[in-house]
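Participant: This is the structure I have questions about; it appears just below.
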Amino acid sequence: MLLLLPALWVATFLAIPTAPAEAAPPRGATSCTGCHPRAAGRGPIPSLNGQPSEQIVSQMTAFRSGERTSTVMTRIAKGFSDEEIRAIADYFAAGGNAPPPAQP
């Protein structure tokens, strides 16, 4: 009987449904939310949540190259690789809840 209790406890624990954990933001994404609000319409700086991924990539690469200038964004964008920009863009395009990219 004593051996059966731990087995029942484990079976019960494994059967409890759990909600999926919220995905951790990719490297650099938290720096965006310092200025860009989580919801649209909350100030002069637009929210990135739900924006098309390609639009975010395009704007970030334009800031990085100097094609588009901004006192803050030009400096920030220069710190990201193409892969990091893509991960950030995909994260915000999915509403800020994208799964982290698969590691090779």
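Residue-by-condition table, conditions (1) out of contact with any Gly (no Cβ under 8 Å at 6 or more places or on another chain); (2) under 14 Å from residue 96 (Cβ atoms); (3) crowded, with 17+ Cβ neighbours inside 10 Å:
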{"residue": "25", "(1), (2), (3)": "no, yes, yes"}
{"residue": "35", "(1), (2), (3)": "yes, no, no"}
{"residue": "43", "(1), (2), (3)": "yes, no, no"}
{"residue": "46", "(1), (2), (3)": "yes, yes, no"}
{"residue": "54", "(1), (2), (3)": "yes, no, no"}
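Participant: Restricting attention to segment 56-63, does a residue exist that is assigned to a loop (DSSP other than H, G, I, E, B), open to solvent by 60 Å² or more (accessible area, probe 1.4 Å) and out of contact with any Asp or Glu (no Cβ under 8 Å at 6 or more places or on another chain)? Give the steps one after another, and end with the answer.
Facilitator: Just the residues of segment 56-63 that are assigned to a loop (DSSP other than H, G, I, E, B), to begin with: none.
Within segment 56-63, not a single residue is assigned to a loop (DSSP other than H, G, I, E, B), open to solvent by 60 Å² or more (accessible area, probe 1.4 Å) and out of contact with any Asp or Glu (no Cβ under 8 Å at 6 or more places or on another chain).
Participant: Let me ask something else about it. Here are the criteria: (1) in a loop (DSSP other than H, G, I, E, B); (2) modelled with pLDDT under 55. Tell me which single one residue 25 does not satisfy.
Facilitator: (2)
The values are calculated or read from the model by the stated rules, or taken from the named source; none is laboratory data. Everything numeric here is computed off the predicted structure, so don't read it as measured data. Virtual Cβ from ideal backbone geometry, glycine too; neighbours counted across all protein chains shown. The accessibility values were calculated without ligands, DNA or RNA, using every heavy atom of the protein model including side chains. Shrake-Rupley method; radii C 1.70, N 1.55, O 1.52, S 1.80 Å.
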